[in-house]
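J.: First, the structure itself, so that you have it in front of you.
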Amino acid sequence: MVKEVAFQVERAMPVDTKRVRGPEESQSPWLFVQQSRGQPTRVPQTRESERRADGRRRGQVDARPMFARCGLVSQAKGSAYIEAGNTKLICSVYGPRETERKDELDMKAGRLVCAFRLAPFSCAKRCPWIQGSQEKDLTLSLQESLQPGVCLHKYPRSQIEVNVLVLENDGSALAHAITCASLALADAGIEMYDLVLGCSLRQDGAAYLLDPTCREENGDESTENQGSLTVALLPTLNQISGLLSTGEMKEETVVGAVRACVEGCQRLYPAAQQCLLKSVRRKVPAPQN
């Protein structure tokens with residue numbers, strides 16, 4: 001009698017025809033790659049020994065080649081353009097101009113207003129033009145990284161506007177935005193303690209990926225010791241002005257990642273100096289004989 005009732009209840013239950021049930025047990029596909037061809041099973045290489053898609057090695061302070069130029073936006077007080085791999089950004093600086101908000105803090109020091117925007121065509125998936133939560137978080141991180149490097153006490157009752165637009169996002173957008181905004185501020189003649197350079201890192205198990213691409217940033221997070229790190233550095237003063245970390249990493253891993261990012265920023269400093277030097281030479285007229 002009990003079996004008949006159970007059978008009737010099971011027949012009455014609706015069946016979800018759209019859901020495909022997976023197997024209760026699964027095995028790694030590497031076990032069947034070579035067995036299907038009658039060859040012995042090949043053990044894949046360790047992640048530390050693999051080369052990255054663009055030829056760079058894992059665990060090495062090896063950033064993508066960077067092209068930078070200042071003074072491309074004629075309407076702005078200062079501007080800069082950076083291209084690192086397929087990541088392309090442009091930054092415009094306006095001001096100093098009279099601040100709209102007047103409080104006690106604005107009377108003694110100026111305000112730094114930043115905006116970080118992703119162009120609708122910059123990502124693989126089209127981005128909305130309305131600023132989302134991700135862009136607001138990146139804007140806040142950009143402002144916190146740049147503010148320690150700008151002499152805001154030199155500009156009381158005024159504000160400086162920094163607008164960063166990502167034309168193509170292929171990873172490490174925040175780090176390159178910090179560098180691009182710093183070059184634009186220097187091109188605008190804003191007094192600064194030092195340039196602010198950014199470098200990002202992706203921790204992938206035991207090895208790290210410096211200046212990761214978009215595909216590497218969205219990699220597999222199933223293994224342990226996974227995370228991302230972005231460092232903003234004042235290279236001459238050797239001081240960190242900003243640090244953003246996500247994921248779960250061990251303490252010694254974070255320390256090593258910060259050191260790698262600092263070294264990456266130091267290697268970027270000569271290229272930033274040459275970019276500003278060429279911009280000054282273009283602005284200053286040649287001496288007449």
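The values are calculated or read from the model by the stated rules, or taken from the named source; none is laboratory data. If you're wondering where the values come from, they're calculated on a predicted model, not measured in any experiment. Here Cβ is always computed from backbone atoms with ideal geometry, including for glycine, and neighbour counts include all displayed protein chains. Ligands, DNA and RNA are stripped out before the accessible areas are found, and what is left, the full protein with its side chains, is counted by its heavy atoms. Shrake-Rupley method; radii C 1.70, N 1.55, O 1.52, S 1.80 Å.
J.: Name the residues in segment 193-214 that are closer than 25 Å to residue 53 by Cα and assigned to a loop (DSSP other than H, G, I, E, B), would you?
T.: Listed by number, the residues that qualify are 205, 206, 211, 212, 213.
J.: Every residue in segment 55-72 that is open to solvent by 30 Å² or more (accessible area, probe 1.4 Å) and farther than 28 Å from residue 207 by Cβ, please.
T.: 69, 71, 72
J.: Starting from segment 184-202, take each residue that is within 18 Å of residue 274 (Cα to Cα) and in contact (Cβ under 8 Å) with a residue 12 or more places away in the chain and list its partners that are assigned to a loop (DSSP other than H, G, I, E, B) and small (Gly, Ala, Ser), counting only C-beta distances under 7 angstrom and pairs at least six apart or across chains.
T.: 187/71
J.: Could you check, for segment 248-256, whether at least one of its residues is outside any helix (DSSP H, G or I) and either open to solvent by less than 20 Å² (accessible area, probe 1.4 Å) or of a type in the set (Ser, Thr, Tyr) (or both)?
T.: Going residue by residue through segment 248-256, those that are outside any helix (DSSP H, G or I) are 248-250.
Still in the list and also either open to solvent by less than 20 Å² (accessible area, probe 1.4 Å) or of a type in the set (Ser, Thr, Tyr) (or both): none.
Within segment 248-256 (the criterion being outside any helix (DSSP H, G or I) and either open to solvent by less than 20 Å² (accessible area, probe 1.4 Å) or of a type in the set (Ser, Thr, Tyr) (or both)), the answer is no, since none of the residues qualifies.
J.: Which of the numbered conditions does residue 285 fail, given that it passes all the others? Conditions: (1) in a strand (DSSP E or B); (2) without any contact (Cβ under 8 Å) to a residue 40 or more places away in the chain.
T.: Among (1) in a strand (DSSP E or B); (2) without any contact (Cβ under 8 Å) to a residue 40 or more places away in the chain, the lone unmet condition for residue 285 is (1).
J.: Exactly one of these conditions fails for residue 181: (1) assigned to a strand (DSSP E or B); (2) modelled with pLDDT of 95 or more. Give me its number.
T.: Single failed check for residue 181: (1).
J.: Based on what the data block shows, is residue 190 at negative phi and in a loop (DSSP other than H, G, I, E, B)? Quick ask: steps written out before the conclusion?
T.: Working: at negative phi: yes; in a loop (DSSP other than H, G, I, E, B): yes.
Yes; evaluated as a whole, the condition is true for this residue.
J.: Among the residues of segment 217-230, is any assigned to a strand (DSSP E or B), closer than 28 Å to residue 54 by Cα, open to solvent by 70 Å² or more (accessible area, probe 1.4 Å) and in contact (Cβ under 8 Å) with a residue 12 or more places away in the chain?
T.: Filtering segment 217-230 for residues assigned to a strand (DSSP E or B) gives 226-230.
If we keep only those that are closer than 28 Å to residue 54 by Cα as well, we get 226-230.
With open to solvent by 70 Å² or more (accessible area, probe 1.4 Å) added as a condition, the list becomes none.
Checking segment 217-230: not a single residue is assigned to a strand (DSSP E or B), closer than 28 Å to residue 54 by Cα, open to solvent by 70 Å² or more (accessible area, probe 1.4 Å) and in contact (Cβ under 8 Å) with a residue 12 or more places away in the chain.
So that you can scan it fast, the table gives a plain yes or no per residue for (1) in a loop (DSSP other than H, G, I, E, B); (2) open to solvent by 10 Å² or more (accessible area, probe 1.4 Å); (3) over 20 Å from residue 196 (Cα atoms); (4) without any contact (Cβ under 8 Å) to a residue 12 or more places away in the chain:
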position	(1), (2), (3), (4)
83	no, yes, no, no
100	yes, yes, yes, no
113	no, yes, no, no
123	yes, yes, yes, no
131	yes, yes, yes, no
141	no, yes, no, no
144	no, yes, no, no
153	no, yes, no, no
162	no, no, no, no
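J.: Name, by its number, the condition in (1) modelled with pLDDT of 90 or more; (2) surrounded by 17 or more Cβ atoms within 10 Å (Cβ to Cβ) that does not hold for residue 193.
T.: Tallying (1) modelled with pLDDT of 90 or more; (2) surrounded by 17 or more Cβ atoms within 10 Å (Cβ to Cβ), residue 193 fails exactly one: (2).
J.: Working carefully through the options 179, 230, find the one that is under 20 Å from residue 70 (Cα atoms) and β-branched (Val, Ile, Thr).
T.: On the way: 230 fails: under 20 Å from residue 70 (Cα atoms).
The match here is 179.
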